[in-house]
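Step one of this worksheet: look at the structure below.
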Amino acid sequence: MNTYLDYKLTGEVSEATLNIGFDEGNDVTFTIIAIDDKSNFDLEMETAAINQGDSAKVFITNAKEVSGNAIDGSEVVVTITSDQPDGIVFENTVDFSNTPGEAQITTAVLSTVATHKLTVSIDGVTEDATVNVEVEVHTYTIRLDAGHLVDFGSYIEGYDPAPKKTVQIERTGTGDIENLSVALSGTNEGDFTVTQPGVTTLTDVAPTTTFIVKPNTGITIGAITATVTGTANNNVEESFEVEFEVRAFEDATINPVTADYDLGTPADITTEITFNDAETLDEITGYGIGEEDWYLDESILVIKSDGFLDSFEAGDILALTLEFNEGADLTFEITVIDTTDYSGFALEMEKAAINQGDSAKVVITNAKDVSGNALDGSEVAVTITSDQPDGIVFDDLVNFSNPPGEAQIITNELNTVATHKLTVSIDGVTEDASVNVVVEALTYTISLDAGDLIDFGSYIEGYDPAPKEVVQIERTGTGDIENLSVALSAANEGDFTVTQPEVTTLDEETPITTFSVKPNTGITMGAITATVTVTANNYVEESFNVKLEVRAFEEATINPSTAEYDLGTPADITTEITFNDAETLDGISGYGIDVNDWYLDGNILVIKSDGFLEGFQDNDTVTLTLKFNEGADLTFDITVIDTNLPIVF
């Protein structure tokens, strides 16, 4: 029998000896020793790395006594030792009473640049703990937000005030920046001014400051540059360039500076203003002009045609003065003219383009004499001259009486391929007029409606008649097509026949003709091809291919070719006919069958079950012969059975 004894150490007892006596045999002695040590703690660093000369902050959490209770005391001795030459970096009493088991400790400054292993010992806790912190070298850097260049732009001589730029200096390293200062250097350093930074020391708490740089006033015309450099302790230095241009005032300009105002065809007058350093056009002065007579469309000055200009006569010259907000005034001179010529005419072309060798039709309208009256005469001399080698293409008397002022003239043929400028002169009209017509080279092209291939398909050997195709030839160019002919070529040209075109000349009046092509009869089995080519004058040539297949007659077939008819369970019998080159099933013959005993459902032959088959007996065989319109007959065998007969053993 097994017996178990439970014994528990309580309080501060860490060891006990037990004597156990039994009713028989020897007593037993054994000793109990407590080995559970519940004292411990956890460590964390506020930051994994600090700068040289800074203190580290160590967080102690979950600190317990041997009993396992959280440490709760205001004067608990804590020692922190670095494995680097810094040695003991904290040794003092620490208050764990606010939050039992927790404390925050700031070490002495750590001076050795290295990874420090910090060993923490707590009074009353039997084991130490360690944590690492990286001590890094301080960096000393700054950044100026001016970039590489501050360009103050271009200012007019005498500017005041001067432009300025506020530049920010930012501490970008880890070490404190001290003794900040700003200085100018370079060729034109005396033409700029800088202020010193607002503060001369940049730290974690105050990492930025600013200063101002600006060009001085009173600088003469030209471009100036300088270098601005910010310096501080530990060899800190950053710089940027400054640029500034001083230039003379640039007056406004206008283009053009003169203009004509035509009383015959009045229109608004315009000139473009380039303002340069002037900003606004404040006023225009001159004889008779008011604010309502002009306006600005962005930089375009518009002098209205329906205003004060109507009061002037041809030959008058008007000088307008343009006054700007700054700079010199400008003069805009307007000369009044009258180009009205009451004699004249308008021209139109019946067609904008004609073919080489054709005549052009010129339509004259609104023809007037010097007095402005419509030309009215039956014998008015008209000359039309081309600027091309064709020269004078019309020189004759023309009737302008029906109706007055109008005429239609047909020129001689125009043969030069070009754009002709036709100048028309009319007797009694002081000015000529011109109109353009394009003379285009004749083109010689045709089209065939056969495409690239005429495929006559597949025909059975011995076919007659042969198929044929009528092909249309159409004139698609502008020149006349002459000497049209059709020819065959290629391997099987002798197996086809072509007719010649019905007409051999295609022109504007007769643009279309036809011919026919067909395979010959009596061709043996196989595929034949040939090329049909149509030719004419001026290198006209178009062709297409023809194709025909000649093959043997393909007999009809049936599937299946045999079947059973069951007297016990009579049902229609079917077989599928593939007609191939046969076209119709003309009849079926066989013992007892007539036309009422079968029918076709599409290409399915159906032998009815309620007809002649009922007269047969088991084991009879019925042979049916299928006759087609062409080709050999087919045999369909039906075996009669009776599944209702008794089985004899």
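Where a number appears in this text, it was derived from the coordinates with a stated rule and is not lab data. If you're wondering where the values come from, they're calculated on a predicted model, not measured in any experiment. Neighbour counts run over all protein chains shown; Cβ positions are idealised from the backbone, glycine included.
Annotations
- Viscosity 1.306 mPa s, temperature 10 °C, Stokes-Einstein D of region 521-600 from Kirkwood C-alpha radius, µm²/s: 87 µm²/s
- Region 121-172 and region 501-542 have Cα centres lying 93 Å from one another.
- Directionally averaged shadow of region 440-553, computed from the convex hull of its alpha-carbon atoms, nm²: 7.1 nm²
- Spacing of the two label points (7 Å from each Cα toward its C-beta) at N325 and V137, in nm: 6.0 nm
- Distance violations [Cα-Cα > 21 Å] among K304/K368; K518/K547; K361/K421: K304/K368
- Its relative contact order, with pairs defined as Cα atoms under 8 Å and 6+ residues apart, puts region 455-566 at 34 percent.
- Alpha carbon Rg of the chain, scaled by the compact-globule rule 2.2 N^0.38 Å: 2.31
- Alpha-carbon centroids, region 416-437 and region 179-201: separation in whole Å: 79 Å
- Between T106 and A314, the contour length at 0.36 nm per residue exceeds the alpha carbon distance by 64.7 nm.
- For Y463 and T584, the FRET efficiency from 1/(1 + (r/R0)^6), where r spans their Cβ atoms and R0 equals 22 Å, is about 0.70.
- Between S434 and A352, residue separation times 0.36 nm minus the direct Cα-Cα distance comes to 28.2 nm.
- Across all Cα pairs in region 294-433, the calculated P(r) in 10 Å bins from zero up to the longest distance comes to 10, 29, 19, 15, 17, 8, 2 percent per bin.
- Put simply, the amide H of G186, placed in the peptide plane, has neighbours under 5 Å in T227, leaving out anything fewer than 5 places away on its chain.
- Net length gained if the chain between V205 and N603 were fully extended (0.36 nm per residue, minus Cα distance): 133.0 nm
- Anchor K351: aspartates and glutamates whose Cα lies under 17 Å away (excluding residues fewer than 8 positions away in-chain): E413, E440, E508
- The reciprocal of the average 1/r between distinct C-alpha atoms defines the Kirkwood hydrodynamic radius, which for region 177-234 equals 12.7 Å.
- Spread over its residues, the convex hull of the C-alpha atoms of region 536-646 is 126 Å³ per residue.
- FRET efficiency, T569 to M525 (Cβ-Cβ, R0 60 Å, nearest 0.05): 0.80
- Protection proxy ranking of 71-83, 145-157, by the mean of other Cβ atoms within 10 Å over each peptide's residues and highest first, is 71-83, 145-157.
- Counting only DSSP beta bridges whose two residues both lie in the chain, roughly 85 percent are antiparallel.
- For region 184-280, the fraction of alpha-carbon pairs in successive 10 Å shells from zero, as %: 12, 25, 19, 15, 11, 9, 6, 3, 0
- Each part reduced to its alpha carbon centroid, region 288-365 and region 453-473 end up 74 Å apart.
- When the alpha carbon gyration tensor of region 112-195 is reduced to an equivalent ellipsoid, its three semi-axes come out at 55, 12, 10 angstrom, largest first.
- Per-residue HN-Hα couplings for region 463-472 [Karplus 6.51, -1.76, 1.60; θ = phi - 60°; Hz; x = Gly/Pro]: 3, 5, x, 7, x, 8, 10, 9, 10, 9
- Convex hull volume per residue, computed on the Cα atoms of region 334-401, equals 145 Å³.
- Spin-label proximity, I212 to region 180-197 - amide N less than 13 Å from point 7 Å beyond Cα toward beta carbon: 193-197
- Long-range HN-HN contacts of E630 with modeled amide H, under 5 Å: E583, T584
- Candidate cross-link partners of K214 among the lysines, defined by an alpha-carbon separation under 21 Å and a same-chain spacing of 8 or more, comprise K164, K165.
- Residue ranges 446-453, 271-278 sort as 271-278, 446-453 when ordered by packing (mean number of other C-beta atoms within 10 Å per residue, highest first).
- Charge context of E348, other residues only, Cβ under 13 angstrom, K/R +1, D/E -1: 0
- According to the Cα-based calculation, Rg over Rh for region 443-488 is 1.13, with Rh computed by the Kirkwood formula.
- Taken over the Cα atoms of region 84-143, the convex hull encloses 127 Å³ per residue.
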